Amino acid sequence: MYGFEALTFNIHAGYLEAIVRGHRAGLLTAADYNNLCQCETLDDIKMHLSATEYGSYLQNEPSPLHTTTIVEKCTLKLVDDYKHMLCQATEPLSTFLEYITYGHMIDNVVLIVTGTLHERDVQELLEKCHPLGMFDSIATLAVAQNMRELYRLVLVDTPLAPYFSECITSEDLDDMNIEIMRNTLYKAYLEDFYRFCQKLGGATAEIMSDLLSFEADRRAVNITINSIGTELTRDDRKKLYSNFGLFYPYGHEELAVCEDIDQVRGVMEKYPPYQSIFSKLSYGESQMLDKAFYEEEVKRLCLAFEQQFHYGVFFAYMRLREQEIRNLMWISECVAQNQKSRVHDSVVFIF
Amino acid sequence: MSGQSQRLNVVPTVTMLGAMKARLVGATRGHALLKKKSDALTVQFRQILKKIVSTKESMGEIMKTSSFALTEVKYVAGDSIKHSVLENVKNASLKVRSKQENIAGVKLPKFEYFTEGETKNDLTGLARGGQQVQQCRAAYVKAIEVLVELASLQTSFLTLDEAIKTTNRRVNALENVVKPRLENTIIYIKAELDELEREDFFRLKKIQGYKKRAIEKQVASAKQFAEEQSAEKVSLQQGISISSAHNLLSAAAHKDEDIIF
């Protein structure tokens, strides 16, 4: 319901929205990124970061700093922020916040399933999982001896159960390529999230549906481009596209039959919002496509903060933080590998 | 090692001399052949050294590029992509085979890599990062190529080094120890033989001398006897045997008791 949110939103979610906006003010700015890009060593980076919100997390690290440590600690900060918000949230905000992390949960579950299939050690697998996607019963997944048990366990213990039952039966788990399984799950998750947001209504529904449609479309384009020349059939490809977004349904038809990048470009240019993305690329080149997508996403995420009284700000904040951590990882790796000339290739400035 | 080479302890006979000469000829030929082998190996060695230097330089470049490709993958597809790739692997799809190559008689090992089995990871990063993953894969395959080549070059380098050292050791041994020893032995044998010959000769001469003197003595005594005989004959003709006359006189010199006067 438009307009009446201003009356009641602050009762339940006012505090958390304020927190999120405070966090957003702590995101690194272009000036910070410029400083970081000028660093010569990882210790310089650590010094610069100590002036930002990451300071307390990095200051206890011993001196031969490694890029993975930087990324780990920054992710830790993100997890702390998230957990703080989650504890304070009430329904339906708490469900919304949980939905944000289902993507990582899917990655973790798929990782453990693959690892168990190939008989790897459970503890190692658990260490490699993303912290945002951990849930209590994740350790039980690794106990499974074969695929049948795994399916049973997954159905029972995880919050991802409905996605599994919708799209995969137990036989499929054996043969199906891991990537296809991951993408099928992710598709189900996106659609579920979309429905949930629609149910919430109001500004949340509007803003989130815009953001989620962009995500779905971007995934569709990526799947198309990455499956050109592989053994993925057109029907399989179509099954991986979500059933919402700008491309649904006609764009999907066209994308499913594309065989090379220029055809994909042709399809995308029919949709005005995406024309600007492809205009940045020259013909035949697809390396910069991912960066162009990230830039577009960041633009839309920042726009979400312009409105008040909706849950989209939480989603936007999480995604922006992830982008910032990606930027930090890129800068640290460039500095560590002595490739400073390539730094500006992939850093996406948020402000 | 003694400063001057010794000689072998052999019985200095003519057959031995023949045997030693044959050995010397063998040693000389062996020395020439080994020297040629050493030269050929050294040429190969230098070539391999040049190739190693250039390969190492390119390896530095290539490793840098491939790590950077990995960073790009991590950027686009998230940090956890390397875990999902690692967990999805059962066997290596790129393997290395070794075979032997024969260079100037030295067996050098050579490595080559081959792909075995289809990799199931074609669809990695389907939703995002797929392109970067494939590029990173190509970069690392190239890196492996260079590394395998570098490995075979370095092993051949080491093996050749060993071989050259051994060959040179043999050449030097032949040149400085075996041949002088054989030569000395031959000289010794010849010397001994000469000495034996000289001894023989000397002995011969001495015996000749003895014989000559013996003959002379015989001749002298024969002459004397002949003279005496002729004298006897002459005296007999005159009625007295000189010898008996002599005997009478001499007997008269002895006092016979029976004789009064």
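The values are calculated or read from the model by the stated rules, or taken from the named source; none is laboratory data. Everything quoted here is computed from the prediction, not taken from an experiment. Backbone-built Cβ (ideal geometry, glycine too); neighbour counts: all protein chains shown. For the accessible areas, the whole protein counts, side chains as well, though only heavy atoms, and no ligand, DNA or RNA atoms are used. Shrake-Rupley method; radii C 1.70, N 1.55, O 1.52, S 1.80 Å.
Would you pick out the residues in the stretch A:174-208 that are hydroxyl-bearing (S, T, Y) and open to solvent by less than 20 Å² (accessible area, probe 1.4 Å)? Can you show your working first?
In the first step, residues of the stretch A:174-208 are kept if they are hydroxyl-bearing (S, T, Y); the result is A:184, A:186, A:189, A:194, A:204.
Across the stretch A:174-208, the qualifying residues are A:Y189, A:T204.
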With the condition kept exactly as written, say whether any residue in the stretch A:34-51 is β-branched (V, I, T), within 15 Å of A:G133 (Cα to Cα) and open to solvent by less than 70 Å² (accessible area, probe 1.4 Å).
no
Of the residues in the stretch A:156-169 that are part of a helix (DSSP H, G or I), open to solvent by 40 Å² or more (accessible area, probe 1.4 Å) and closer than 14 Å to A:M105 by Cα, the one that is modelled with the lowest pLDDT is A:D157
List, please: which pairs have Cβ atoms under 7 Å, are six or more places apart or on different chains, and start with a residue in the stretch A:54-69 that is more than 14 Å from every other protein chain (Cβ to nearest Cβ) and under 21 Å from A:Y33 (Cβ atoms) and end with one that is open to solvent by less than 90 Å² (accessible area, probe 1.4 Å) and part of a loop (DSSP other than H, G, I, E, B)?
A:L58/A:S50; A:Q59/A:S50
Any residue in the stretch B:51-80 that's more than 11 Å from every other protein chain (Cβ to nearest Cβ) and part of a helix (DSSP H, G or I): show its pairings with residues that are of a type in the set (A, V, I, L, M, F, W, C) and open to solvent by 60 Å² or more (accessible area, probe 1.4 Å) at Cβ separation under 8 Å, as long as the two are six or more apart or on different chains.
B:M59/B:L147
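Filter the stretch A:332-351 for residues that are assigned to a helix (DSSP H, G or I) and at the interface with chain B (Cβ under 10 Å from one of its Cβ atoms) and give the result.
Taking the stretch A:332-351 and keeping what is assigned to a helix (DSSP H, G or I), we get A:332-336, A:340-346.
Answer for the stretch A:332-351, where residues must be assigned to a helix (DSSP H, G or I) and at the interface with chain B (Cβ under 10 Å from one of its Cβ atoms): A:S332, A:E333, A:C334, A:A336, A:R342, A:D345, A:S346.
Would you mention how many residues in the stretch A:61-98 are more than 30 Å from A:V335 (Cα to Cα) and surrounded by 19 or more Cβ atoms within 10 Å (Cβ to Cβ)?
At the first step, the residues of the stretch A:61-98 found to be more than 30 Å from A:V335 (Cα to Cα) are A:83-98.
Next, from what is left, pick out any that are surrounded by 19 or more Cβ atoms within 10 Å (Cβ to Cβ): A:85, A:89, A:93, A:96-97.
Final tally of qualifying residues: 5.
Identify, from the list A:Y274, A:Y294, the residue that is within 13 Å of chain B (Cβ to nearest Cβ) and either out of contact with any strand residue (DSSP E or B) (no Cβ under 9 Å at 6 or more places or on another chain) or within 25 Å of A:V71 (Cα to Cα) (or both). Before you say what the answer is, go through the steps one by one.
Values: A:Y274 fails: within 13 Å of chain B (Cβ to nearest Cβ).
Of A:Y274, A:Y294, the one residue that is within 13 Å of chain B (Cβ to nearest Cβ) and either out of contact with any strand residue (DSSP E or B) (no Cβ under 9 Å at 6 or more places or on another chain) or within 25 Å of A:V71 (Cα to Cα) (or both) is A:Y294.
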Only one of B:V178, B:V146, B:V171 is open to solvent by 50 Å² or more (accessible area, probe 1.4 Å), β-branched (V, I, T), in a helix (DSSP H, G or I) and away from chain A (no Cβ under 14 Å). Can you tell me which?
B:V178
Is it fair to say A:Y317 is outside any loop (DSSP other than H, G, I, E, B), more than 14 Å from every other protein chain (Cβ to nearest Cβ), touching a residue at least 40 places away in the same chain (Cβ under 8 Å) and farther than 30 Å from A:L36 by Cβ?
no
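Would you mind finding the one in B:A139, B:A127 that is among the aliphatic types (A, V, I, L, M), in contact (Cβ under 8 Å) with a residue 24 or more places away in the chain and either out of contact with any Gly (no Cβ under 6 Å at 6 or more places or on another chain) or within 28 Å of A:G229 (Cα to Cα) (or both)? Write out each step before concluding.
Values: B:A127 fails: in contact (Cβ under 8 Å) with a residue 24 or more places away in the chain.
Every option except B:A139 fails the conditions.
Picking from A:R265, A:R326, A:R300, which residue would you name as being without any contact (Cβ under 8 Å) to a residue 60 or more places away in the chain and either under 17 Å from A:R219 (Cα atoms) or open to solvent by 40 Å² or more (accessible area, probe 1.4 Å) (or both)? I'd like the intermediate steps shown before the answer.
Values: A:R326 fails: either under 17 Å from A:R219 (Cα atoms) or open to solvent by 40 Å² or more (accessible area, probe 1.4 Å) (or both); A:R300 fails: without any contact (Cβ under 8 Å) to a residue 60 or more places away in the chain.
Checking each option against the conditions leaves just A:R265.
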Here are some conditions: (1) surrounded by 14 or more Cβ atoms within 10 Å (Cβ to Cβ); (2) more than 28 Å from A:I350 (Cα to Cα); (3) within 12 Å of chain B (Cβ to nearest Cβ). A:K238 meets all but one. Which one does it not meet?
(3)
